[in-house]
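All remarks here apply to the structure that follows.
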Amino acid sequence: MPSVFDRIRAGLAKTAQQIRQRLGAETAAAPSASAATVPGRALPLDTLEAVEDALLAADVGIPATRRILEAVKADTSGRLGDRVARVVLGILRDVRPTPPITTLPHVILVVGVNGTGKTTTVGKLANLYRGLGRSVLVCAADTFRAAAVEQLAVWAERAGVDLVKAKSGADPAAVTFDAVTAAKARSREIVIVDTAGRLHTRANLMAELDKIRRVVSKVVPDAPHEVLLVVDATVGQNGLVQAREFMTASGANGIVLTKLDGTAKGGVAVAIANDLKLPIRYVGVGESLDDLVPFDAPTYVDALFVDKW
């Protein structure tokens, strides 16, 4: 079975290919572009423009791209790809720390807009934690969509974890309360709550998330410990907009970037880290049960920039 590092590299293949193609097309037409590979020499403007074009095409975003370019101009040591890689790695590491698992059960809310793969992510995340030796319970708090409950039941069975659900139309906060209470009674270590998809512009639905948070904290102090926002990598900069709004309204403190293997916009991870300081916790690199892997910043950077240009 491929390693976690191999899966991340494979998931970023389309993004890496686009970056190389953009750079190749631009620098091939620039006679002075070869100067970029000479240690200690300043980068010519045409090469910087090629880097800018490649980063923006990968949806790194304007603020992060500007930061990268300024740093690359100031640092003239080493190859161009190495310079860019150093800056991007710094951006990905300059984020909020991941909350440690100190209180049990450790409660995780999974939030996001419709169609990002939340329910699938909950199932895969449950499988990942179970593989680490943790006992897991998942909660079907998307009570407005019967198909979501059925889908999560299938994932829970495949992952071999407990499931708490309720009748269609039940109060999501009440279901979550029951799930966390059950986890305590059964001595389950991890509770993962699948919430209904919602647009960040719908104030009533965002208020529902706040209600879930308040109810959970009555069962387990300081819960939820994590609020993971699922972002579809294929939407690029729209994902950054979603992350910003969910961060404000739901207290999102981590990102799950799904469908990374199906897009050339994988640079959005850099945009999110740079603009919001939110860590990318996991990435989805396929449709199988074990195709959700912990995000690894050095592997991400290596896949996009090292030994490529």
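The values are calculated or read from the model by the stated rules, or taken from the named source; none is laboratory data. Please read all numbers here as calculations on a predicted model, not as lab measurements. Positions of Cβ are backbone-derived with ideal geometry, glycine not excepted, and every protein chain shown enters the neighbour counts.
Just a few scattered comments:
- Each residue in segment 145-176 was checked for being out of contact with any Leu (no Cβ under 9 Å at 6 or more places or on another chain), among the charged types (D, E, K, R) and loosely packed, with under 15 Cβ neighbours inside 10 Å, and 2 of them qualify.
- Selection from segment 156-182 of residues that are over 25 Å from Asn204 (Cα atoms), touching a residue at least 40 places away in the same chain (Cβ under 8 Å) and either assigned to a loop (DSSP other than H, G, I, E, B) or under 24 Å from the mean Cα position of the chain (by Cα) (or both): Arg158, Ala159
- Near pairs, Cβ below 7 angstrom, 6+ apart or cross-chain, from segment 45-70 (in contact (Cβ under 8 Å) with a residue 60 or more places away in the chain) to any residue that is outside any helix (DSSP H, G or I) and not small (Gly, Ala, Ser): Ala58/Lys265; Asp59/Lys265
- From the list Val235, Val283, the one residue that fits, being modelled with pLDDT of 95 or more and over 19 Å from Ala85 (Cα atoms), is Val283.
- Some residue of segment 216-236 being surrounded by fewer than 19 Cβ atoms within 10 Å (Cβ to Cβ) and assigned to a loop (DSSP other than H, G, I, E, B): yes
- Only one of the numbered conditions (1) over 29 Å from Pro105 (Cβ atoms); (2) of a type outside the set (S, T, N, Q); (3) at pLDDT 95 or above is violated by Val219, and that is (1).
- Check on Gly112, surrounded by 16 or more Cβ atoms within 10 Å (Cβ to Cβ), at positive phi, in contact (Cβ under 8 Å) with a residue 12 or more places away in the chain and touching a helix residue (DSSP H, G or I) at 6+ places or on another chain (Cβ under 8 Å): yes
- Any hit, segment 188-209, residues being out of contact with any helix residue (DSSP H, G or I) (no Cβ under 7 Å at 6 or more places or on another chain) and at pLDDT 95 or above: yes
- Selection status of Ala153, closer than 17 Å to Val219 by Cβ and either touching a Gly at 6+ places or on another chain (Cβ under 6 Å) or free of Cβ contacts under 8 Å to residues at least 40 places away in the same chain (or both): no
- Set side by side, the residues Arg86, Arg67, Arg96, Arg22 differ, and just one is modelled with pLDDT under 85, among the basic types (Lys, Arg) and either in a loop (DSSP other than H, G, I, E, B) or surrounded by 16 or more Cβ atoms within 10 Å (Cβ to Cβ) (or both), which is Arg22.
- Close contacts from segment 75-93, counting a first residue that is closer than 13 Å to Leu304 by Cβ and a second that is basic (Lys, Arg), with Cβ to Cβ under 8 Å and a gap of 6+ residues or different chains, come to Gly81/Lys308; Val87/Arg67; Ile91/Arg67.
- Meets criteria (touching a Leu at 6+ places or on another chain (Cβ under 6 Å), of a type in the set (A, V, I, L, M) and either surrounded by fewer than 19 Cβ atoms within 10 Å (Cβ to Cβ) or in a helix (DSSP H, G or I) (or both)) for Ile272: yes
- Going through (1) surrounded by fewer than 23 Cβ atoms within 10 Å (Cβ to Cβ); (2) part of a loop (DSSP other than H, G, I, E, B) one by one, Arg213 falls short only on (2).
- Residue that is modelled with the highest pLDDT, among those in segment 238-261 that are buried (at least 19 other Cβ atoms within 10 Å of the Cβ), more than 23 Å from Thr15 (Cα to Cα) and not hydrophobic (A, V, I, L, M, F, W, C): Asn253
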